[in-house]
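To start, the structure itself, in structure tokens.
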Amino acid sequence: MKLRIRRFAAALTALFALSAAAHAATETYLFDKSHSKVGFQIRHWLTKVEGRFTAYDGKILIDREKPANSSVEMTIQASSIDTGQERRDNHLRSADFFDVERFPTIAFRSREVRPTGAGDFSVVGDLTIRDVTRDVTLEVTDEGRGTDPWGGERAGFSATAEIDRRDFGLTWNQALEAGGVLVGNEIRISLEVELVKQAAAEAA
């Protein structure tokens, strides 16, 4: 019996050691919102309109040795949408579109990170808008890493994705007398993100 207990204890010790090693290999980076942009583009009749969200938080767990172990989490405040036109932004916040009173946040959580080339990755995850969750793939490029003038470790990434807004219940539109509709269905998402490494004490 004592031998079995010792073996069990040794197995637990080895498991905890492996878990600690895996955790140590992962570095936590937080969004620097003053140097980042969460944007989108959608067709409006004859041209394309660009917009952004100004309130969001996120973090990336980076495993440099095994990028497939990395992950991304992000939460956006839907009411922070900004297309540079107040009347349009208020319409986008209404029940016709994001319905921010009922669904205040947009969220993304990765499930898989697949390296696709030198510094390029496909990040597959769950995007939730209006409480509807769909698979979305972000095409991500590693823009590099470095140390800022204050000693902080930083990393940069850019990412794009395309979604159909109707998949998330964003179905409002208006028919035009000349034919067609006022608003396109395809939304191009674009992210330019600078991150700062979280200190080990903070991460713990």
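The values are calculated or read from the model by the stated rules, or taken from the named source; none is laboratory data. Here the structure is a predicted model, which means the values were calculated and not measured. Using ideal geometry, Cβ is built from the backbone for each residue, glycine included, and neighbour counts are taken over all protein chains shown.
Quick check on my filter: what residues within segment 53-91 are in contact with a strand residue (DSSP E or B) (Cβ under 6 Å, 6 or more places away or on another chain) and either more than 19 Å from residue 128 (Cβ to Cβ) or free of Cβ contacts under 8 Å to residues at least 12 places away in the same chain (or both)? Across segment 53-91, the qualifying residues are 54, 61, 62, 63, 67, 68, 69, 70, 82, 83, 89. Of all the numbered requirements in (1) loosely packed, with under 12 Cβ neighbours inside 10 Å; (2) touching a Gly at 6+ places or on another chain (Cβ under 7 Å), residue 43 misses one, and that requirement is (1).
Okay, residues lined up against (1) modelled with pLDDT under 95; (2) within 16 Å of the chain's Cα centre (by Cα):
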residue	(1), (2)
117	yes, no
121	no, yes
127	no, yes
166	no, no
196	no, yes
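From the list 60, 76, which residue is closer than 22 Å to residue 119 by Cα and either modelled with pLDDT under 95 or in contact with a Phe, Trp or Tyr (Cβ under 9 Å, 6 or more places away or on another chain) (or both)? Steps first, please.
Values: 76 fails: closer than 22 Å to residue 119 by Cα.
Checking each option against the conditions leaves just 60.
If we scan segment 107-119, do we find a residue that is out of contact with any strand residue (DSSP E or B) (no Cβ under 6 Å at 6 or more places or on another chain) and of a type in the set (A, V, I, L, M)? Yes, some residue in segment 107-119 is out of contact with any strand residue (DSSP E or B) (no Cβ under 6 Å at 6 or more places or on another chain) and of a type in the set (A, V, I, L, M). Quick one: would you say residue 128 is polar (S, T, N, Q) and surrounded by 13 or more Cβ atoms within 10 Å (Cβ to Cβ)? So residue 128 passes the test.
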